Each structure stands twice: as structure tokens, then as C-alpha cells.
Amino acid sequence: MEKNKTGKYFKYAIGEIILVVVGILIALSINNWNQERLERIEEKVILRNLKKDYLSAIEEFKALNLNRDDLISAAKQITSISPENLQKYPVRYLDSLFSKTLVGPTYNNKAGSLDVLLNSGKINLITNEILKKDLIAWPGYVDDMVEDEIIHNELYTGKYCDIIEKYLSWNDLIKAYDLSRARFEKITIEAMPNNAISTSNYGAILSDLEYINILHRRASYCMISNNESNSLIVKANEIIAIIDSVLDQ
């Protein structure tokens, strides 16, 4: 290499290095832009699925509230019946009334999209920090309500049903049971053949203090769960509103 050309080659080499660096930076920028674009597309898919889950959850909360309201109403009516005036009430009416207490509503919506989001670690794809915090906190809110539901359901399937079976004909209650709000469509329960010893003693059950107290406890649990599910409905609607705002961006 001639001495008078050293400077030119040095400048040429520096220029080549700069071009390579600039090329790398441009490639990285394009890659980052494309990655960001793909993440935003994935975020919107996740948000749409989350919205469907929360809308489904709201519908289930409302259905659970209706079932609990039926139980609370039935409990109030049963409590108001005096054993001394029992002859005023037809047996079919009593069967129907007491059959409304044969429920233990529980929340079963698993919020599949949210579970996948949290377990996969993709929660960081959510760009809205308020929404991210609400999504992370949601399972805890639901668990608080479910805990009370479990306590109520254990009381229902335990002591409550034990007393019912002591005094009333389960077969007659099943015949009067309203299946219109059953979780599954077209569900049927076949009544057993009549049995001579299977008769209801409403006077005895209405005179049993333990039964009345357990019924009151069950109504109280239903009131608590209704308050909790109503709060969850409000929170779910807030989350949906944030999701909509992000999707509209």
C-alpha cells in the first residue's frame, strides 16, 4: 500500500464500519418495531378473549344472585309460617316453598383466558398498567366470594339436608322442584314411586329451632354472597370498560 493512499483507505474502512453499524441498528429497529407490532396484535386478541370471559362471568353472577334471592325469599316465607296456622297452607304450596331451599349456588366460571394469561407469563403484554393490576387482583376477589359459598354449601349438604330428611318427603320436594334455572338445559329428575312411610311433617320441622336457625344462617350466607357478587359485577364492568378503551386505540 502506497503511503499517500493510507489516509484514504483508513477513511474508507471507517466508512464501512459506520455503514455496517448503521445497518445493524436499522435492522434491530425494524425487528423491534415488528416485534412490538406482533405483541400489540396478540394483546388485542387476549383482550377480546378476556372481555368474553368477563361478560360470561357477569351473566353467571346474575344467575347465582337470582337463585340466592329465591332462597332468601323462601326462607322469609317459611319463617313467617306459624305451626298453629299450618292448615291454611296447601301441602303442594309447602312442598314448592321448601324445594326452593334445596340449592347451594356456587361460581364455576374459571376465566380460562385469564388463567392462561397469568400462568403463561404473558401478563406483561398488557400495556395498560391499571388493567394489568386489576387482572392480577381478580382471582383474589373471586376466591373471597367462593370461600363463603363453600361454607354455605357445606351447611346445605350437611346439617340442613339432614334435618330435611328427618321431617320431609324428599320425593315430594323433588316433584315440586323448579328446574327452570338449572345450570344445564333440559335436565330432568325422576321422582321415585310413592311410599307409605314417606310423608312430610311440616308442623314438626317448623317447630324445630335448629332448623329455623340453620335456615336463617343459609339466608345470611346468600345475602353475603350476593353483596360480593354484585361487587364483582361492578369490578368486571370496570375491567371491560378499560379493555374497550384499549381496543379502540
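The values are calculated or read from the model by the stated rules, or taken from the named source; none is laboratory data. Please read these numbers as outputs of a predicted model, since none were measured by experiment. Reconstructed Cβ throughout: ideal geometry from the backbone, glycine too, with neighbour counts over all protein chains shown.
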Within the stretch 89-133, which residues are more than 21 Å from the chain's Cα centre (by Cα), exposed (fewer than 15 other Cβ atoms within 10 Å of the Cβ) and on the phi < 0 side of the Ramachandran plot? TYR89, PRO90, VAL91, ARG92, TYR93, LYS122, ASN124, THR127, GLU129
Pairs, first under 15 Å from LEU117 (Cβ atoms) in the stretch 32-54, second among the small types (Gly, Ala, Ser) and loosely packed, with under 14 Cβ neighbours inside 10 Å, C-beta under 7 Å, six or more apart: ASP53/GLY112
Report whether or not TYR160 is crowded, with 18+ Cβ neighbours inside 10 Å and within 26 Å of LEU232 (Cα to Cα). no
Taking SER180, is it assigned to a loop (DSSP other than H, G, I, E, B), of a type outside the set (D, E, K, R) and at pLDDT 85 or above? no
Would you point out the residue of the stretch 135-152, among those that are surrounded by 18 or more Cβ atoms within 10 Å (Cβ to Cβ) and either among the basic types (Lys, Arg) or over 18 Å from MET223 (Cβ atoms) (or both), that is nearest to the chain's Cα centre (by Cα)? VAL142
How many of the residues in the stretch 52-71 are over 14 Å from TYR107 (Cβ atoms) and surrounded by 17 or more Cβ atoms within 10 Å (Cβ to Cβ)? 2
Test result for ARG68, under 30 Å from ASN226 (Cα atoms), touching a Phe, Trp or Tyr at 6+ places or on another chain (Cβ under 9 Å) and at pLDDT 75 or above: yes
So, of the residues in the stretch 88-110 that are among the aliphatic types (A, V, I, L, M) and under 21 Å from LYS62 (Cα atoms), which turns out to be modelled with the highest pLDDT? LEU102
Pairs needed: first member in the stretch 161-176, without any contact (Cβ under 8 Å) to a residue 60 or more places away in the chain and of a type in the set (Val, Ile, Thr); second member anywhere, buried (at least 18 other Cβ atoms within 10 Å of the Cβ) and part of a helix (DSSP H, G or I); C-beta distance under 8 Å; at least 6 residues apart or different chains. ILE163/ILE205; ILE163/TYR211; ILE163/ILE214
